[in-house]
Every structure is written in C-alpha cells, then in structure tokens.
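A short write-up of the structure that comes next.
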Amino acid sequence: MKPTGYFTHRAFTRHEMGAGHPECPQRLGAIEDRLLITGLGDALERREPTPASMSELELAHDRLYIASLRGLTDELREEVVAGGPTHLALDPDTSINVHSWEAALLAAGAALNATDAVIAGELENAFCAVRPPGHHACRGKAMGFCLFNNVALAAKYALDRHGLKRVAIIDFDVHHGNGTEDIVAGDERILMCSFYQHPFYPEWPHASAPNLVNLPVPAYTKGMDVRELIDATWLPRLEAHRPEMIFISAGFDAHREDDLGQLGLVEQDYAWITEQLKAVARRHAQGRIVSVLEGGYNLSALARSVEAHLRVLAGV
C-alpha cells in the first residue's frame, strides 16, 4: 500500500495576523506535537511543497486580485523597513504580514503538489497542514482568514491540467465555504458537498446550483445528527457523481470544544466522515483523496481531530 503524504512548510508559521488572532502559527505546532507524541508521524511521508505559479493561481482567481495582493505585500514590506505598521488589514478578520504572500503561495502549492503526487500514484492520499486556510477566499476577494482558495484551486487543477472528468469537494468546516462555492458553482464537473452552522459567518447569499449540496444546520447540532444527514444526502450524490478524485476542506472547528463555533462534533465523527469518503474514493477514484486544513482553533481539539482524520487516511 502506498503511503499517505503530509505536506507542510516552516514558512506557514511565519504568516500571522497579530497578537491574539485565533488563526495562529501555534495551530500547526499543536498538530506536529500530536503526531510526534502518538508516533503517527512515522506512518506519513513528509514532503515540502513548492509555491503555486501565477498561471496556476489563475485557475481559480482573477489576475487583478492576485496582482493586488502581491502589490500590497510589496507596499507593506516598504512600510516595515521605514518603521511603519507590521500588518495590513484586508477585512475586519483578515490581515497580512510580510511573510503572508510566501505562505499563501506555498499553501496553494501544497494542494497542487499533493494532487500531482496522488494522481501519479506516488501517494495513496495526502493531507496538507497549511496556513493560511482557503475556503472563504473568493475568485477576486480575500476574507475570513483566507487569501487563496487552496481546495478549489486543486480541484480545477485536477480537471484542467490532469484531464480528470469529475471531482468532488467536501467541506466539513463549521463555517460555510462561500469562496469555494463562488469559484465552483455551476461547474458540473465538480460536486461540492458541505455542512455548516447556520446562521453564522459568513452572512453570504448561498448559491443555488445543481452541483452544490449544502446542509446548513443549527447551533448545537451533534455529530450523530450530522452523520445521518451525510448518509442521506452526501453519499447518494457522491455515488451518482462518481468522482475521479476527492478534495476535502478539512476544518475542525465544528468540534464541541471549539469556541469559534457551536456544533457538537468529536474526533470519532471526523473519523467516521473520513471513512465514508475513503470508501467512495476506493469505489470511484482509485482511492485518490487530497485533504487540506481549514479551520480548527482549540489547539487540543484540533490536534486530536487531525490525528483521527489522518489515522483513517493512512489506515493505521
């Protein structure tokens, strides 16, 4: 059996959005500590990503948006040298520092590199422990801690650069992946399935398109209720779509210990969801899965949930 890839880079910890921000470098440190303590890291094939190119980013993002983000980074770097502010706010929740551009390119690159390796048969599947996350990033706008939409980009890349015919995106973050929806709505090659707390951030007019399976759930919904919804809605649609590859926006902030949401999932729920997706991938996609980290802000719950997710992916 081929190994599960684990894509990460030290540059991800240099991106930060200010003291006290929940999307902090310590998130990746908590995951690394858990992999070390449990020994799970020994079962994974660790790889360092390369940055996404501009032409690759344009598969999911407007050229002017990419250029503006690069230009803002250059301006910020000049201001820092002159003794000015160290951060630039893009919206009330999202800031950049001088390292954010590099981190965002590498986060997108990790999803693309993982896609290459899984399709080439070098890896069974892969998990990308990246920052910044991506699923709120729209085609032409950063928001919700996100700069580039790593998962939407990887899905488009698998279709347009590798010639796959059908893929699926699964999003189990507590927040709705509005950016992913913005990029993929109406593209019948991509089936997007998600559940998320509602009403909640972002207050977004949800798209209605045949390729979207949205499951808004109220606060305090527990894991068993989510499992029933997935069994009744996601799985039949996935079987009908027959994806040749599955991409996961793996947010773990629906955990009951995470203060940024009010849902009631636990590690066993993430393991169960991963088992269902792995079974679909075995039937239709030669087992091909690329999972990319999104949310998860209680450090202990995040680390334990990622461990549960990875144990299923790696079969250990």
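General observations
- Pair list, Cβ < 6 Å and 6+ apart or interchain, from the range 194-209 residues that are farther than 19 Å from Tyr270 by Cβ to residues that are open to solvent by 60 Å² or more (accessible area, probe 1.4 Å) and at pLDDT 80 or above: His198/Pro216
- Conditions (1) touching a strand residue (DSSP E or B) at 6+ places or on another chain (Cβ under 6 Å); (2) in contact (Cβ under 8 Å) with a residue 40 or more places away in the chain; (3) crowded, with 16+ Cβ neighbours inside 10 Å: number failed by Lys222: (3)
The rows are residues; the columns are (1) at pLDDT 95 or above; (2) open to solvent by 20 Å² or more (accessible area, probe 1.4 Å); (3) within 21 Å of Arg237 (Cβ to Cβ); (4) aromatic (Phe, Trp, Tyr).
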site	(1), (2), (3), (4)
Trp101	yes, yes, no, yes
Phe127	yes, no, no, yes
Val130	yes, no, no, no
Val151	yes, no, yes, no
Phe172	yes, no, yes, yes
Val184	yes, no, yes, no
Ser194	yes, no, yes, no
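- Among the strands (runs of 3 or more DSSP E) confined to the range 75-165, the ones with at least 2 residues that are over 20 Å from the mean Cα position of the chain (by Cα) are located at 88-91.
- In the range 240-259, the residue that is surrounded by the fewest Cβ atoms within 10 Å (Cβ to Cβ) out of those that are farther than 14 Å from Arg189 by Cα and charged (D, E, K, R) is Asp259.
- In the range 306-316, the residues that are assigned to a helix (DSSP H, G or I) and either under 14 Å from the mean Cα position of the chain (by Cα) or hydrophobic (A, V, I, L, M, F, W, C) (or both): Val306, Ala308, His309, Leu310, Val312, Leu313, Ala314
- With respect to being out of contact with any Leu (no Cβ under 7 Å at 6 or more places or on another chain), of a type in the set (Asp, Glu), surrounded by 13 or more Cβ atoms within 10 Å (Cβ to Cβ) and over 30 Å from Gly261 (Cα atoms), Asp42 falls outside the description.
- Some residue of the range 103-124 being over 30 Å from Ala314 (Cα atoms) and of a type in the set (A, V, I, L, M, F, W, C): no
- Residue tally, condition closer than 18 Å to Arg256 by Cβ and open to solvent by 20 Å² or more (accessible area, probe 1.4 Å), over the range 276-306: 5
- Qualifying residue in the range 103-119 (condition: open to solvent by 10 Å² or more (accessible area, probe 1.4 Å), modelled with pLDDT of 95 or more and either farther than 21 Å from Leu293 by Cα or of a type in the set (Gly, Ala, Ser) (or both)): no
- Looking at Gly140, Gly84, Gly71, just one residue is among the small types (Gly, Ala, Ser), surrounded by fewer than 16 Cβ atoms within 10 Å (Cβ to Cβ) and touching an Asp or Glu at 6+ places or on another chain (Cβ under 7 Å), and that residue is Gly140.
- Test set (1) hydrophobic (A, V, I, L, M, F, W, C); (2) within 17 Å of the chain's Cα centre (by Cα); (3) surrounded by 20 or more Cβ atoms within 10 Å (Cβ to Cβ) - Cys24 fails condition number: (3)
- Checked against (1) open to solvent by 10 Å² or more (accessible area, probe 1.4 Å); (2) within 21 Å of Asn149 (Cα to Cα); (3) at pLDDT 95 or above, Pro205 passes all but condition (3).
The values are calculated or read from the model by the stated rules, or taken from the named source; none is laboratory data. Note that the structure is a prediction, hence the values are computed from the model and not measured. Every residue, glycine as well, gets a Cβ built from its backbone with ideal geometry; the counts of neighbours run over all protein chains shown. The protein model used for the area step is the full one, side chains on, heavy atoms only, and it has no ligands, DNA or RNA in it. Shrake-Rupley method; radii C 1.70, N 1.55, O 1.52, S 1.80 Å.
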